[in-house]
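To start, the structure itself, in structure tokens.
Just so it is clear, none of the values below were taken in a lab; they were calculated from the coordinates. All values derive from a computational prediction rather than experimental measurement. Heads up, the Cβs are rebuilt from the backbone with ideal geometry, glycines too, and the neighbour counts pull from every protein chain shown.
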Ligand SMILES: Cc1cc2nc3c(=O)[nH]c(=O)nc-3n(C[C@H](O)[C@H](O)[C@H](O)COP(=O)(O)OP(=O)(O)OC[C@H]3O[C@@H](n4cnc5c(N)ncnc54)[C@H](O)[C@@H]3O)c2cc1C
């Protein structure tokens, strides 16, 4: 028996979150597997403010309770996010699973979260005390440890609306479709006049949280493509040192090797 409250406005959802002992429920595709009994859920899929995708000057603002199918059908969402979301499970899961649920589950394998990291997405966390905006990398404190207050909801995901066009994305699973990530990789680069203006690289399903090393990215920023090619060996070696994969269903050695292969593929693909 599933108990709970079906919120129909953000105000109602935040008040319920503040005053009742309820677990936020997006699509339930992770929660239902946990199979917990005798708990109450706060259903969010009828909250208008959380089920819309809109654009402002800077961001595509994706409501936390938007399903993956909604993301795929939106003209506003960048292609990189759509490519990753299209790889999630099968249509039935994509019709119910939500963007905030993918984040709230706290897994480093979550496919949309990899893109949030590489895009420097921000989260709008709402409570009856107001909103706070937190960069995605700060939201993940450790394995399943999130910077989410007991009274807060993930209301929106703010995805920068520019800068994500020149990308490389790969999800490595046990099979080509319907697979959870064994390792996932996303790289984004901005090149102007043969000079690297910006670069962002993230690895998923490798450690307790998605990995991104902004200090290492600086090795490439400002370099011409020719200089970047000279730097490439040292760059890859620096990632070799920085990545310390955990052992899961696959060995740490396999994870490290695949990470470096994907990094090399990205650099090849972008002419470095
Ligand atoms: C068969 C199957 C295949 C799957 N394949 C993939 C895959 O390929 N890639 C992938 O990334 N995932 C996959 N998943 C996992 C799951 O579908 C996703 O993580 C999904 O995004 C969860 O969203 P949800 O809305 O169903 O979350 P829920 O189950 O509703 O919630 C998940 C967690 O997030 C919290 N939460 C939900 N909404 C909010 C909110 N607004 N604010 C704060 N906390 C919130 C919940 O309390 C809970 O702790 C798969 C799951 C199944 C069952």
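By the gyration tensor of its Cα atoms, with a ≥ b ≥ c the square roots of the eigenvalues, what is the shape of the range 127-168: rounded for a/c under 1.5, prolate for a/b over b/c, or oblate? Oblate, since a/c reaches 1.5 and b/c is not below a/b.
With a simple spin-label model that places each label point 7 Å from the Cα along the Cα-to-Cβ direction, the separation between residue 145 and residue 192 comes to 3.9 nm.
Legend: Rg and Dmax of the range 165-226, from Cα coordinates, 14.0, 40 Å. When the P(r) is computed for the range 123-254, the part past 17 Å accounts for 69% of the Cα-Cα pairs. Separation of the range 132-211 and the range 99-123, taken as the distance between their Cα centroids, equals 6 angstrom. Taking only the C-alpha atoms of the range 57-99, the Rg (one decimal) and the largest Cα-Cα distance, Dmax (whole number), read 10.1, 33 Å. Solvent-free Debye calculation, one equal scatterer per alpha-carbon of the chain: log10 I(q)/I(0) at 0.08, 0.09, 0.11, 0.17 Å⁻¹ equals -0.34, -0.42, -0.63, -1.35. On a per residue basis, the convex hull of the C-alpha atoms belonging to the range 2-113 measures out at 112 Å³.
Here the residues 217, 253, ranked from fewest to most Cβ neighbours within 10 Å of their Cβ, fall in the order 253, 217. At the listed q of 0.11, 0.15, 0.20 Å⁻¹, the Debye profile of the range 48-160, built from one uniform point per Cα, gives log10 I(q)/I(0) equal to -0.30, -0.58, -1.07.
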